[in-house]
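What follows is one structure encoded as structure tokens, with my remarks underneath.
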Amino acid sequence: MPIWLLLLALLMPVTTQSHLPATGPAAVELYELAPTAPPPPVIKARSAILLDLDTGKTLFQLDPHGRHAPASLTKVVTALVALDHLRLDQAVTVPVSINQLPWDSTRMGLRAGERLTVRELLYGLFLNSGNDAAITLSEAAMPRATFVALMNARAAGLGMTDTHFVNPIGLDDPGHYTSVADLARAAAELMRRFPDVAAMAATPSLTLPATATHHAYSLYNLNELVRKYPGATGLKTGWTGHAGGCLIATATRDGRHLMVVLLASPRIFDEAAALLDYGFAGSS
């Protein structure tokens with residue numbers, strides 16, 4: 001027998017008489033393959049975690065407890081401590097100390113001496129990532145050093161064992177660090193205790209009208225996902241030259257709620273979207 005006929009015979013399926021019907025064409029048996037989970041995306045962030053908020057299950061992790069600079073993701077804990085001591089409708093005065101912020105700070109545009117409500121300042125903190133808003137909230141609550149000490153105490157109470165803060169806005173400092181696992185804890189606590197505040201982070205843009213005590217503010221959410229990713233609900237962006245791109249992203253789809261945290265990512269929105277897609281594609 002020629003070799004090509006032998007190979008063809010070996011590759012042909014073998015059918016026995018017992019598998020054929022008594023009359024009519026031969027039956028074709030179909031075998032359904034078991035579904036397989038999609039492979040996780042390849043990302044370039046130094047650290048990442050993807051969580052199912054409904055089950056608490058970790059769906060993906062990369063160096064989850066590595067200590068890295070968090071940039072403005074710090075402000076999630078700033079908001080937690082401020083909300084422990086200030087009321088949303090409470091009016092506070094913008095301090096002169098905002099004029100000492102670095103020139104390249106993200107701001108909501110506050111002017112020293114203006115008076116805004118805590119709610120308005122939180123919009124500026126979550127949308128514009130306003131360093132001026134974070135400083136105003138912290139100093140309205142108590143002296144800054146005391147506030148930072150309470151941030152560390154709050155973190156410890158949440159089990160954030162990879163974390164230490166030295167300022168309320170996320171400026172780079174060797175003593176200012178956290179992990180994606182710890183930031184996930186802080187974000188989950190904000191959503192649990194202050195869901196209305198966490199919901200602010202889903203707002204694409206907002207105009208705060210002028211009042212007798214402050215000028216008008218046009219706020220724009222730096223989180224591109226709230227405009228581009230279906231089901232995105234927040235939560236916080238961050239960036240410094242040392243920290244790189246940082247992001248806490250939350251999204252809801254088909255009744256499921258996921259959260260991804262990225263530190264030191266060169267493409268925070270693309271990588272967060274890829275991880276969220278991966279999480280939604282898999283089973284809970």
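The values are calculated or read from the model by the stated rules, or taken from the named source; none is laboratory data. The structure displayed is predicted, hence computed values, not measured ones. For neighbour counting, all protein chains shown are included, and Cβ atoms are generated from backbone atoms with ideal geometry for every residue, glycine included.
Could you please let me know if TYR220 is within 23 Å of ASP196 (Cβ to Cβ) and exposed (fewer than 15 other Cβ atoms within 10 Å of the Cβ)? Yes, satisfied. If I filter the range 259-266 for residues that are outside any strand (DSSP E or B), out of contact with any helix residue (DSSP H, G or I) (no Cβ under 9 Å at 6 or more places or on another chain) and free of Cβ contacts under 8 Å to residues at least 40 places away in the same chain, do I get at least one hit? Scanning the range 259-266 turns up no residue that is outside any strand (DSSP E or B), out of contact with any helix residue (DSSP H, G or I) (no Cβ under 9 Å at 6 or more places or on another chain) and free of Cβ contacts under 8 Å to residues at least 40 places away in the same chain.
Report every pair of residues separated by at least 6 positions or lying on different chains whose Cβ atoms are under 7 Å apart, first residue within the range 120-148 and of a type in the set (Phe, Trp, Tyr), second at pLDDT 95 or above and not in a helix (DSSP H, G or I). From residues that are of a type in the set (Phe, Trp, Tyr), the pairs are TYR123/LEU206; TYR123/LEU208; TYR123/LEU219; PHE126/ALA201; PHE126/LYS236; PHE147/PRO168.
Taking the conditions (1) part of a helix (DSSP H, G or I); (2) touching a Leu at 6+ places or on another chain (Cβ under 8 Å); (3) among the β-branched types (Val, Ile, Thr); (4) closer than 18 Å to ALA201 by Cβ in turn, ILE98 satisfies each one other than (4). Residues that are more than 26 Å from SER179 (Cα to Cα) and part of a helix (DSSP H, G or I) occur at least once in the range 108-118. So for the range 25-39 (the condition being in a loop (DSSP other than H, G, I, E, B), more than 25 Å from ASN128 (Cα to Cα), at pLDDT 90 or above and hydrophobic (A, V, I, L, M, F, W, C)), does at least one residue qualify? Taking every residue of the range 25-39 in turn, none turns out to be in a loop (DSSP other than H, G, I, E, B), more than 25 Å from ASN128 (Cα to Cα), at pLDDT 90 or above and hydrophobic (A, V, I, L, M, F, W, C).
Please work out if ALA186 is of a type outside the set (D, E, K, R), surrounded by 21 or more Cβ atoms within 10 Å (Cβ to Cβ) and touching a Gly at 6+ places or on another chain (Cβ under 6 Å).
Answer is no for this residue.
Taking the criterion of being in contact (Cβ under 8 Å) with a residue 60 or more places away in the chain and over 18 Å from the mean Cα position of the chain (by Cα), the residues of the range 206-248 that qualify are LEU206, LEU208, THR213, HIS214, HIS215, TYR217, LEU219, GLY241, HIS242. The residues of the range 217-232 that are touching a Ser or Thr at 6+ places or on another chain (Cβ under 7 Å) and farther than 19 Å from THR207 by Cα amount to a single one, GLY231.
The residue list THR93, THR78 contains one member that is surrounded by fewer than 17 Cβ atoms within 10 Å (Cβ to Cβ), out of contact with any His (no Cβ under 8 Å at 6 or more places or on another chain) and in contact (Cβ under 8 Å) with a residue 24 or more places away in the chain, which is THR93.
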